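Accompanying notes for the structure given below.
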Ligand code: KIV
Ligand code: ZN
């Protein structure tokens, strides 16, 4: 395996699913899991089995239906959770138990009411217990980025000694900034000396989840935890489509590889939007409705002359049907003429001017652009009942 291979750990079905408006039934989780497998993620976190019967069943069925997939089940660092996770993974060919406990002083004091020594001991015991069931154990130090780094290193090394194969250092509350995050991860990578894969799990409270994850990869992290459309607790998780495409489009400065088939990104995003109660915002990178739409006249003109003037990737590359030239009040004659031709009308200069005038009059009073039917109606008003000119 190349040293620059980055594992994509998808937690759409766990961290994503546990957030408001994102609940999925087991059959829905299975549909999404199928798409994630087609997409080529490396690890599928299918649920938190102690949390509900549904989560238990989802992990069990995902593992049964996708035997070649590495399937993870989440468990707090305690016997009951770990046993339940292990049970849900019994039929799995490639099971992973993902156990976690918070390590920051804030969490220790207000949430856990435990000392650092107690947390260290419980983390080690949890990893040992998980290892008694499976070979692949991930340990997460919840709220790692607000944890005293010396203590974080101590807990992580103890968990590696206890058998953890992946150490995940979550930015649970989305507090980090990229330079700081890179430095923290770099320190841990050095301390672990290749004995465990370093993973990151960034939340997006400051809109920095992708940037922080990339900084971590540059510092040596080789697993990124992320979700489709960036769904997840509060402002969400690192968006899978964004981090994958950043590494692909900017391979010159981010020379990392994943196994993701980028053409499945948009279909995966669409499917998730169908299954939950909301889709990505229109201006969402990669998969948003407007991600490949051009409305401003100058942009449309440049785009029509040479696509790369205003596009850094093709819609096709990420499975989006086609670039969209949105015809609205900012559009120019060039783009309108191109649309007329696409609709079958080669107009004279005079007719194009007339069509353009009427088009702008309508578009000026609109927040949204005109659709093809509306443009056709204007063309017909101008050219009368004349048949499309064809080629
Ligand atoms: O955000 C977080 O810290 C988590 C852990 C359970 C990995 O989701
Ligand atoms: Zn999380």
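Rule-based calculations on the coordinates, nothing more; no lab input. Everything numeric here is computed off the predicted structure, so don't read it as measured data. Methodologically, a virtual Cβ is constructed for each residue, glycine included, from the backbone with ideal geometry; neighbour enumeration extends over all protein chains shown.
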Which value, to two decimals, describes the C-alpha radius of gyration of the chain once divided by 2.2 N^0.38 Å? 1.18
Relative contact order of region 293-383, please, whole-number percent, based on alpha carbon pairs below 8 angstrom and at least 6 residues apart. 29 percent
Please give the helix 372-383 orientation as an angle from the longest Cα principal axis of the chain, in degrees from 0 to 90, rounded to the nearest 10. 10 degrees
Could you work out how far the C-alpha centroid of region 278-333 sits from that of region 127-194, in angstrom? 40 Å
Where the Cα pairs of region 22-64 fall when distances are cut into 5 Å bins, in %: 6, 25, 35, 23, 10, 2
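Under the 0.36 nm per residue contour assumption, what length would be gained going from the current alpha-carbon distance of residue 342 and residue 307 to full extension?
10.9 nm
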How big, in percent, is the set of alpha carbon pairs in region 182-287 lying more than 16 Å apart? 59 percent
Helix 209-218 sits at what angle to the longest principal axis of the chain, using alpha carbons and giving 0 to 90 degrees rounded to 10? 60 degrees
Just rank 113, 201, 299, fewest to most, by other beta-carbon atoms within 10 angstrom. 113, 299, 201
Quick one: among 272, 254, 370, which has the greatest mean-square fluctuation in a GNM of the chain with alpha-carbon springs under 10 angstrom? 370
For a quick check, take a GNM of the chain with Cα springs below 10 Å and name the residue from 23, 132, 213 with the largest mean-square fluctuation. 132
Under 12 Å from the residue 112 label point (7 Å along Cα→beta-carbon), backbone N, region 175-213: none
Sort 80, 352 so that the residue with the fewest other Cβ atoms within 10 Å of its own Cβ comes first and the one with the most comes last. 80, 352
Enter the angle in degrees (range 0 to 90, nearest 10) between the Cα long axis of helix 240-249 and the first principal axis of the Cα atoms of the chain, meaning the one along which they spread out most. 70 degrees
Taking R0 as 41 Å, what FRET efficiency do you get between residue 358 and residue 253 from their Cβ-Cβ distance, rounded to the nearest 0.05? 0.30
Which of 147, 115, 11 ends up with the largest GNM mean-square fluctuation for the chain, with Cα atoms connected below 10 Å? 115
